[in-house]
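Visitor: For reference, the structure I am asking about is given below.
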Amino acid sequence: MKTILRELRKHKEEIEIIDLYRDSFARPRTDLVKRYQDLVTWCDRIYFISPVWWFRLTPRMEVFFDEVFTPGFAYNFKNITKLYAYPKPHLSHKKVRTYITHGAPSLPVRTLYLNSVKLRLVLGVFTFVFGWKPSRWIKTKQFWSVPFVSDKKRWKYLQRVKKDIRRDLKFEI
């Protein structure tokens, strides 16, 4: 997150941060969810950053998706027949990047577990909310074996993030 903030501030971007572990998630969360929805509406770009726990994003990130990206706000269903409908996203104009950190190595997650975390996130949540584009898959980056890699490897991960942010800013200027 620090790399993203540093790059955005360097370019004098207006920034709002949602820190899911700073905010109280006690129920009722109506006011908090409304504030999050207002921030999502306000912004042009969204950067999601989350570790993976037990082949899922953090519980608070999951709650964020469930309670903020609700039908009516983030998408609606458009009927095809009486029994079938597809999600019509309301936030397809948002630019989204996601950084997911894994403790696990790449090979078993991508093969034995079919890359389920990224697959579920991009084809599930993001398709409903932001619409399907191949770039949704490409702009969801995964960093592997994070607790076990060298400082040099972590530095490379951060350079990739920095390059992405600079690319985002370049296309908007």
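Every number here is computed from the coordinates shown, using simple stated rules; none is lab data. Quick caveat, the model's predicted, so the values are computed rather than measured. All Cβ positions, even for glycine, are placed from backbone atoms using ideal geometry, and neighbour counts span all protein chains on display.
Visitor: Quick check on my filter: what residues within the range 102-122 are within 28 Å of residue 73 (Cβ to Cβ) and either surrounded by 17 or more Cβ atoms within 10 Å (Cβ to Cβ) or in contact with a strand residue (DSSP E or B) (Cβ under 7 Å, 6 or more places away or on another chain) (or both)?
Guide: Answer for the range 102-122, where residues must be within 28 Å of residue 73 (Cβ to Cβ) and either surrounded by 17 or more Cβ atoms within 10 Å (Cβ to Cβ) or in contact with a strand residue (DSSP E or B) (Cβ under 7 Å, 6 or more places away or on another chain) (or both): 117, 118, 121, 122.
Visitor: Something else about it: Pick from 39, 32, 107, 5: which is within 18 Å of the chain's Cα centre (by Cα) and either part of a loop (DSSP other than H, G, I, E, B) or farther than 20 Å from residue 128 by Cα (or both)?
Guide: 5
Visitor: Now, a different point. Taking only the range 123-136 into account, find how many residues are free of Cβ contacts under 8 Å to residues at least 24 places away in the same chain and surrounded by 15 or more Cβ atoms within 10 Å (Cβ to Cβ).
Guide: Of the residues in the range 123-136, 1 are free of Cβ contacts under 8 Å to residues at least 24 places away in the same chain and surrounded by 15 or more Cβ atoms within 10 Å (Cβ to Cβ).
Visitor: Quick check on my filter: what residues within the range 147-170 are surrounded by fewer than 18 Cβ atoms within 10 Å (Cβ to Cβ), closer than 25 Å to residue 55 by Cβ and touching a residue at least 60 places away in the same chain (Cβ under 8 Å)?
Guide: Selection gives 158 alone.
Visitor: Could you grab me the full set of residues in the range 42-62 that are assigned to a strand (DSSP E or B), of a type in the set (A, V, I, L, M, F, W, C) and either in contact (Cβ under 8 Å) with a residue 60 or more places away in the chain or surrounded by fewer than 11 Cβ atoms within 10 Å (Cβ to Cβ) (or both)?
Guide: Correct list: 52, 57.
Visitor: For the range 113-125, what are the residues that are part of a helix (DSSP H, G or I), over 17 Å from residue 63 (Cβ atoms) and hydrophobic (A, V, I, L, M, F, W, C)?
Guide: If the condition is that a residue be part of a helix (DSSP H, G or I), over 17 Å from residue 63 (Cβ atoms) and hydrophobic (A, V, I, L, M, F, W, C), then 119, 122, 123 are the ones that fit.
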